[in-house]
Amino acid sequence: MNPDPINPHDEDEIYILPIIPLPGKVIFPRARQPLVVTRKKGVLATRSALEKNGHILLLNQKDKEAEDPGPEDFYRVGTVAGIGESYDPGDETIRIGIEAENRAIVLRCFEEDGFLQAEVKILPEESDQSRQAQSLMQSAIQLFEKYIRANRHIPTEASVVAQREKKPGYLADTITSFLNSNIEVLPEKLQAVLDEINPIKRLQIVIDLLKEGLDLMALDDKINQQVRKSVEKTHREFYLQERMKAIQKELGRGDDFAEVDELREQIKAAGMNEEAEEKALKELERLQQMPPMSAESGVIRTFIDWLLAMPWNQQSENKINLDEAEHILNEDHYGLDKPKERILEYLAVLKLVEKLKGPILCFVGPPGVGKTSLGKSIARATGRNFVRMSLGGVRDEAEIRGHRRTYIGALPGRIIQGLRDAKTKNPLFLLDEIDKMSIDFRGDPASALLEVLDPEQNDTFRDHYLDVKFDLSEVMFITTANTRVTIPAALQDRMEIIELPGYTEYEKQRIATFPTNGLVLKQLKAHGLKEKSLQFSDDSLLEIIQKYTREAGVRNMEREIASICRKVARQIVTNGDENDEDKIVQIDTDNLSDYLGTAKFTRGKAEEKDEVGVATGMVWTQAGGDIVSVEATTMAGSGKLTMTGQLQDIMQESAQTALAYIRSRAHMLDVPVDFDFKKHDVHIHVPEGAVPKEGPSAGITIATAMISALTGGKVRKDVAMTGEITLRGHVLPIGGLKEKVLAANRNGIKNIIMPEDNDKDLSDIPDEIRKSMYFHKVDDMTEVLDFALKSSDASGQISSS
């Protein structure tokens, strides 16, 4: 006999009901179903309910694995049900038929008389007949019908049952009751439906569950269809493997099982050497015998792909035309006559012998002088593909030779990677910044490069990853560096060093105004300006070079030109002059500061008059040449030599050598007889004290300034000098003569005192500058003093041209 239902509309009534725990199961109101109670507490609760009013509370456990749940192990919303029928088989279980009635919220849960009980409050079902409710009910029924057609576990009559429901809450409960039989719906999602009291929100949750279920079943059907097309139903193992393929494809990982025959054909057609082909075929046999999902199969496939990607027999045709190559070099770079001459000689030999096993070229020079772009020009002149590899900061040998395949994520070295990218076996391979490699516990990359750059060894180069021979002898390697000091001696021995000393100011002007690809033209195009809309005067370019940059190359100069172009572009757009063909902006020395601001650097200045104790010297820096005044004075003291102006060790030694020379020949140099070196101090100062100064080439300048201070003879203002001095007064050769002479010419000095042994370097000076100056070649300090301290007529000297 069924018990009388509890009244859900009595909101103030609180009931105490026994609890039957449901592990991972949710029963919804208005559901009828049998229930087998097996746990002791559940059996006691059922018997207590049968003895009283026949009502129980069905609560879902939070942890379905818990065998003996306590009051805190249940959700707060459950279902009140009446027990319609019961049967006790006598085996400590009980079988009942239940009729679920209402939702109930647990106010307090406790254990008494050996079973769990709860104080509950009945939650009445709200009715909602709004248009939104009707629309949601229709959508839910349509989705439920699709779900029934796709899921064979739910009977078709369930659709009829759902269509009879007139309330959105009842419809949600009915549909979810049928979903409860689907093992793919998690108990947590079913509990979320039971927890929701608002019928509209509850129905929306059910709709979301239906959509999610339909998507999962559609994906499963798609996988099943793909599997059915490619397998025989009688072959279970093959079926499972193909199902895994379809799942992998749906995950977006592609088809990992490539055709072995196709790979074998590609290996045979790749043109590999005998060793590489044998190894590739051996690895292919291993791949064929491995399970498709094995981790090792992916490693082998990657290895085979690398072997196939290498240019074993692909090469570009060497088209060496010296006239065309010279034209390309001159078109791309102004100046650099000696490097260009050596490059053309290299190409000439390459054309004659076809396979050159000669030294590797190494361009050494300061930043921005065109080392990397020179490599690109050589590649264009020879018709080779260009590959650049930066070695700056490389400290791992594996960067060159690669990692062995025993390591996870192993890859070939960057030499092999570069050849793969070049797609030919004879590219021009530029190894940039070879002087900036370092060494640590992972190996020495410079040592690994020894084999790469040795023409006698690199035809059998073996990368650790590929572990087969690869011929690098047809690759044209070119390296670059800022200084040769940090290049290991063994590497230098394998390379021919070509010095790129930097550009003179005259050359920088020509580079800026070069008609084909000069800096000005390039920046005008980059900033959308017409060629005639912005013009630079020669003086303005010279002022940019002298006062806004200090470098051997032209990078900063290009940046300053770009800065002007940006400001002019903004000015044109602001004034609306985009279409004005006659609009011309002229940059000269008067308005240059308006675009670039105040000057960033200052240059040394020639003396305005002949002075005692002041001699003009010439210096070389990474930014080019400059002139500097060396000041000397004497005072009462104890015979000390004081040097200021941040003179470094070598320059201090030059000053000490000059003083020793003067003291040993004081009577010959007209030093006053009564001058006592022990009672006088000599102070030498070189202005711009914040700038460190180094080198021996200021020796004769320091000696001249000191002798002038000691004798009172004035030093000529129109003379600049350079040269190293010895204790015997000999003048030794120096470096950087070209840059020093250009600096003197720039400052209006026309008379140069230089070592006799530097005569050969005069050919490096541009003709127009060399012919306008007088060069006084000396090999002894007395010759320096004869010209610098005595009143001589410069026109009486022989001009070197």
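The length gained on full extension between D91 and D681, counted as 0.36 nm times the residue separation minus their Cα-Cα distance, comes to 200.3 nm. Loop-located chymotrypsin sites (Phe, Trp or Tyr not before Pro) in the stretch 280-327 (DSSP state not H, G, I, E or B) with no more than 11 neighbouring Cβ atoms inside 10 Å do not occur.
Relative to the first principal axis of the alpha-carbon coordinates of the chain, what is the inclination of helix 236-250, with its axis defined by its Cα atoms, in degrees from 0 to 90 and to the nearest 10? The helix 236-250 is inclined about 60 degrees to the chain.
Grab the other residues whose beta carbon is less than 13 angstrom from that of K583, score K and R as +1, D and E as -1, and report the net. Present the calculation step by step, with values, prior to reporting the outcome.
Working: positive: K530, K532; negative: E531, D577, E578, D580, E581, D582.
Residues near K583 contribute -4 overall.
Full extension of the chain between R342 and N591 gives 85.4 nm of extra length, using 0.36 nm per residue less the Cα-Cα distance. Calculated translational diffusion coefficient of the chain (25 °C, 0.890 mPa s; Stokes-Einstein with Kirkwood radius over alpha-carbon pairs) equals 67 µm²/s.
Suppose only helical runs count, i.e. DSSP H with n ≥ 4. What mean residue ellipticity at 222 nm does that imply for the chain under -39500 (n - 2.57) per run, divided by all residues and rounded to the nearest 500 deg cm²/dmol? Walk me through the numbers before you get to the answer.
Numbers: 27 runs with 313 residues, N = 801.
It comes out at -12000 deg cm²/dmol, rounded to the nearest 500.
Given a cut-off of 24 Å, name the pairs among K121/K211; K376/K532; K567/K600; K146/K167; K532/K740 whose C-alpha atoms lie farther apart than that in the structure shown. All intermediate terms of the calculation are to be shown ahead of the outcome.
On the way: K121/K211 33 Å; K376/K532 30 Å; K567/K600 19 Å; K146/K167 21 Å; K532/K740 36 Å.
Over 24 Å Cα-Cα: K121/K211; K376/K532; K532/K740.
Residues I545, I141 ordered from highest to lowest accessible area at a 1.4 Å probe: I141, I545. Modelled this way, with points 7 Å down the Cα-to-C-beta line, the labels at A150 and Q163 are 2.1 nm from one another. Our compactness index for the stretch 644-710, the C-alpha radius of gyration over the empirical 2.2 N^0.38 Å, is 1.15. The lysine pair tally for the stretch 313-374, using Cα distances under 19 Å and a gap of 8 or more places or different chains, is 7.
How high is the relative contact order of the stretch 1-121, given as a whole-number percent (alpha carbon pairs under 8 Å, six or more residues apart)? Show your work: numbers first, answer last.
On the way: 281 pairs, mean separation 43.1, N = 121.
Over the stretch 1-121, the number comes to 36 percent.
Accessible surface area normalised per residue over the stretch 653-721 is 44 Å², counting heavy atoms of protein chains with a 1.4 Å rolling probe. Hey, if you drop one equal point scatterer on each alpha-carbon of the stretch 633-675 and run the Debye formula without solvent, what base-10 log of I(q)/I(0) do you get at q = 0.13, 0.30 Å⁻¹? Those come out to -0.34, -1.16, one per q.
Accessible-area rank, largest first, for V260, V369: V260, V369, with all protein chains present and a 1.4 angstrom probe.
Note that the stretch 385-496, at 4 °C in a medium of 1.567 mPa s, gets a Stokes-Einstein diffusion coefficient of 92 µm²/s from its Kirkwood radius over C-alpha pairs. Note on the stretch 374-523: with charges restricted to the Cβ of Lys and Arg (+1) and Asp and Glu (-1), its dipole about the Cα centre is near 680 debye. Of the GluC sites (Glu not before Pro) found in the stretch 510-552, those that fall in a DSSP loop while having at most 16 other beta-carbon atoms within 10 Å are E531.
For the chain, what proportion of DSSP beta bridges, expressed in % and rounded to the nearest 5, is antiparallel? Can you show the working numbers first?
Numbers: 57 of 96 bridges.
Bridges in the chain are about 60 percent antiparallel.
Relative contact order, percent, of the chain when contacts are C-alpha pairs under 8 Å separated by at least 6 residues? Normalised by residue count, the contact order of the chain is 7 percent. Heavy-atom accessible area for S86, with the other protein chains in place and a 1.4 Å probe, reaches approximately 60 Å². From most to least packed by mean Cβ count within 10 Å, the peptides 119-129, 443-453 give 443-453, 119-129. With K and R counted +1 and D and E -1, the other residues having a Cβ less than 11 Å from that of A526 yield a net charge of +2. The listed residues I197, I328 rank as I197, I328 when sorted by accessible area, largest first, using a 1.4 Å probe.
Under Stokes-Einstein, with the Kirkwood radius over Cα pairs as Rh, the value for the stretch 394-457 at 10 °C and 1.306 mPa s is 125 µm²/s.
Leaving ligands, DNA and RNA out of it, report the carbon-plus-sulfur percent of the accessible area of the chain at a 1.4 Å probe. Please report the intermediate quantities before stating the final value.
Working: 19350 of 40390 Å².
Exposed carbon and sulfur together represent 48 percent of the surface.
Annotation: per residue accessible area for the stretch 256-333 equals 58 Å², rounded to a whole number [probe 1.4 Å, protein chains only].
The values are calculated or read from the model by the stated rules, or taken from the named source; none is laboratory data. It should be emphasised that the depicted structure is a prediction, and the values quoted were computed from it without experimental measurement. Cβ atoms come from the backbone with ideal geometry, glycine included; neighbour counts cover every protein chain shown. In case anyone asks, the SASA skips ligands and DNA or RNA and just uses the protein heavy atoms, side chains included. Shrake-Rupley method; radii C 1.70, N 1.55, O 1.52, S 1.80 Å.
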